[in-house]
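No lab work stands behind these numbers, since they all come straight from the coordinates. Every value quoted in this text rests on a predicted model; they were computed, and no experiment measured them. Cβ coordinates were reconstructed from backbone atoms using ideal geometry, including for glycine residues, and neighbour counts include every protein chain displayed.
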Amino acid sequence: MDEAIKAGKISVIANVILTIAKGIAGILSGSTALIADALHSLVDVLGSALVWIGIKIAQKPPDESHPYGHFKAESLAELGVGLIIVFTSLSILVEAVNNLIAGVKPSFELYALAVALASAVVNEALARYKISVGIRTKSSSLIAEGKHSRTDVISSLSVVLGFVLVYFGYWWADAVVAIAISILILQTGSEILKNAVDVLMDKVDEELSVRIKRLVESIEGIKSVDFVAVRGTWRSKIVEVHFTVSSEVEADQINEIIGRIERLKDSFPEIVKIIPVVKISKEIRRIAVPVDEEDNYVGDLNARFFKIVDVRSGRSWKIRNDFWNAQKMKGYLIAELLSKNKVDAIAVKKIGVGAKNHLKSKGITIKLVDKLDSLDDVITRIKSE
Ligand SMILES: [Zn+2]
């Protein structure tokens, strides 16, 4: 890893030198293209600085006045840098267009050509160096940086091409190259700005939200996951999870669920904080009624079937109880079956302690009902309680 950091530092130093050399040569020779290329290098340096500042800030732990951490400071820095980039690239763009309109003929200067050539060579060397170190240290960001340096080579080479064309009398070439480069920088600048605004506006990371929601839904004892929102920078994310458990679920199990949600953090290095919010629901949505083949109320777990009644729609359907004569883990298997069918209450005449606990741990309420005249009866009875 030290080698990757060293490669990053060398790249920043080289880009600082290139920025200064191209800036001075561009101003002296009056080449707008070279000034634009200097700005491009400056943007690269600022980009690397932002990454570095971001890492430093993200390391700062939350404190009393900033309980959500300090990651937005990075976005504030990005906002500033993005605005600088957009304004400078726009001003170069305007300058180049004005030069074209006014027919300004830049002078051909050998030293300016030499600086642009040197920039292309240095960037090509940087690209090769960063990619090879990146592969060796398995640093994908360094490999990406190396590939970026390749685009810097093209930028500087287009300045060289502009100079050659100017030499042969195509005076407009310098301004055209400047326009092309400044449009590219403008793009980078607006991407940085958009990114900063998204984080500052708490834009939700939908992809990660969906992944987290799926993981939370698979946790036992949760009735429904009502809201999952992931926000923050690509490096520091805050997750809010709202979920509902049935009132049958005991405090110990709720704490266990919260613990499991918080531990999701371990599988996502970018998540710095998970905020679980629990709601306890007494509402019953689906009732299981143990019945026989003729839909007669049986009232215990030896029933061959369960009639499932959806309270809100009044709809009902029958499922087979494959575990009615299970020798082992009967209560557990039936609780599992009912939970899969999203049942939150069961009507029984009697029930054993073991089965009762299994049902409770799945958040299923047990309703003691001695006699049922009809299936509709079960809804009115359970609602009236
Ligand atoms: Zn670049």
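With runs of 4+ DSSP H residues as the only contributors, calculate the mean residue ellipticity of the chain at 222 nm using -39,500 (n - 2.57) per run, divided by the residue total and rounded to the nearest 500.
The per-residue figure over the chain is -20000 deg cm²/dmol.
So which of K213/K307; K265/K362; K223/K360 end up more than 22 Å apart by C-alpha?
K213/K307; K265/K362
Whose amide H sits under 5 Å from the amide H of N321, counting only residues 5 or more places off or on another chain, with H placed in the peptide plane?
Under 5 Å from the amide H of N321 lie the amide H atoms of F305, F306, each far enough along the sequence or on another chain.
Taking amide H positions as placed in the peptide plane 1.01 Å from N, state which residues far from V298 in sequence (5 or more) or on other chains have amide H under 5 Å from it.
V291, D292
³J(HN,Hα) across segment 356-362 via Karplus (A = 6.51, B = -1.76, C = 1.60, θ = phi - 60°), whole Hz, x for Gly/Pro?
Karplus values, whole Hz, x for Gly and Pro: 4, 5, 4, 5, 4, 5, 8.
For segment 317-385 and segment 122-150, write down the distance between their C-alpha centroids in whole Å.
Spelled out, the Cα-based centre of one part sits 62 Å from the other.
For a quick check: with amide H placed at 1.01 Å from N, whose amide H comes under 5 Å from V277's, ignoring anything fewer than 5 positions away on the same chain?
Residues meeting the amide H criterion: V241, H242, F243.
Can you sort V272, V51 from fewest to most other Cβ atoms within 10 Å of each residue's own Cβ?
V51, V272
Using 0.36 nm per residue of separation minus the Cα-Cα distance, give me the extension gain between K356 and D370 in nm, one decimal.
Value of the extension gain: 3.4 nm.
Using the Cα centre of the chain as origin and beta-carbon charges of +1 (Lys, Arg) and -1 (Asp, Glu), tell me which of F108, I275, A288 is placed farthest towards the positive end of the dipole.
Of the options given, the answer is A288.
Treating the beta-carbon of each Lys and Arg as +1 and of each Asp and Glu as -1, no other charges, what is the dipole magnitude of segment 231-385 about its Cα centre, to the nearest 20 debye?
Numbers: 30 positive and 23 negative charges, 99 e Å.
The calculated dipole for segment 231-385 is roughly 480 debye.
If you stretched the chain out fully between K147 and K279, how much longer would it get, using 0.36 nm times the residue separation minus the C-alpha to C-alpha distance? Intermediate values should be presented prior to the final figure.
On the way: separation 132, 0.36 × 132 = 47.52 nm, distance 4.90 nm.
Here the answer is 42.6 nm.
Just want the ordering: I183, I35, from fewest to most Cβ atoms lying within 10 Å of their own Cβ.
Details: I183 13, I35 25.
Listing I183, I35 from fewest to most nearby Cβ atoms yields I183, I35.
Most exposed first by the Cβ proxy, i.e. fewest other Cβ within 10 Å, how do K318, K328 rank?
Details: K318 14, K328 7.
Lowest to highest Cβ neighbour count: K328, K318.
May I ask for the angle, rounded to the nearest 10°, between helix 110-137 and the longest principal axis of the chain, with both axes built from Cα atoms and the value confined to 0 to 90°?
With both axes taken from Cα atoms, the answer is about 30 degrees.
Could you tell me the calculated FRET efficiency between N98 and V210, based on Cβ-Cβ distance and R0 = 35 angstrom, to the nearest 0.05?
Rounded to the nearest 0.05, the efficiency is 0.10.
Return the FRET efficiency for the residue pair I319, K203: r is the Cβ-Cβ distance, R0 is 35 Å, and the value is rounded to the nearest 0.05.
Efficiency at R0 = 35 Å is approximately 0.25.
Taking +1 at the Cβ of each Lys and Arg and -1 at the Cβ of each Asp and Glu, which of V43, S209, T188 sits farthest along the dipole of the chain towards its positive end, judged by Cα position relative to the Cα centre?
The Cα lying farthest towards the positive end belongs to S209.
Pick from L42, L301, L193 the residue whose mean-square fluctuation is largest in a GNM of the chain, springs joining Cα atoms under 10 Å.
Comparing L42, L301, L193 in the GNM, the peak value goes to L301.
Whole-Hz Karplus ³J(HN,Hα) for segment 236-249, in order, using 6.51 cos²θ - 1.76 cosθ + 1.60 and θ = phi - 60°, x for Gly and Pro?
10, 10, 10, 10, 10, 10, 9, 9, 10, 10, 6, 5, 6, 5
In whole Hz, with x marking every Gly and Pro, tabulate ³J(HN,Hα) for segment 339-353 from phi via Karplus 6.51 cos²θ - 1.76 cosθ + 1.60, θ = phi - 60°.
5, 4, 8, 6, 7, 10, 8, 9, 9, 9, 7, 8, 7, x, 4
Would you mind working out the magnitude of the charge dipole of the chain relative to its Cα centre, with +1 at each Lys and Arg C-beta and -1 at each Asp and Glu C-beta, to the nearest 20 Debye?
960
With point charges of +1 on the Cβ of Lys and Arg and -1 on the Cβ of Asp and Glu, referenced to the Cα centre of the chain, which listed residue (M329, T32, W52) lies farthest in the positive direction of the dipole?
M329
Please compute, over every Cα-Cα pair in segment 2-200, the percentage with a separation greater than 21 angstrom. Each step should come with its number before you reach the end.
On the way: 10869 of 19701 pairs.
In whole percent, the share of Cα-Cα pairs in segment 2-200 beyond 21 Å is 55.
Could you tell me how many degrees, from 0 to 90 and to the nearest 10, lie between the Cα long axis of helix 2-29 and the main elongation axis, the longest principal axis, of the Cα atoms of the chain?
Taking Cα atoms only, the helix is inclined about 40 degrees.
Just how many % of Cα pairs in the chain lie over 34 Å apart, if you round to the nearest whole percent?
Values: 39345 of 73920 pairs.
Taking all Cα-Cα pairs of the chain, the fraction more than 34 Å apart is 53 percent.
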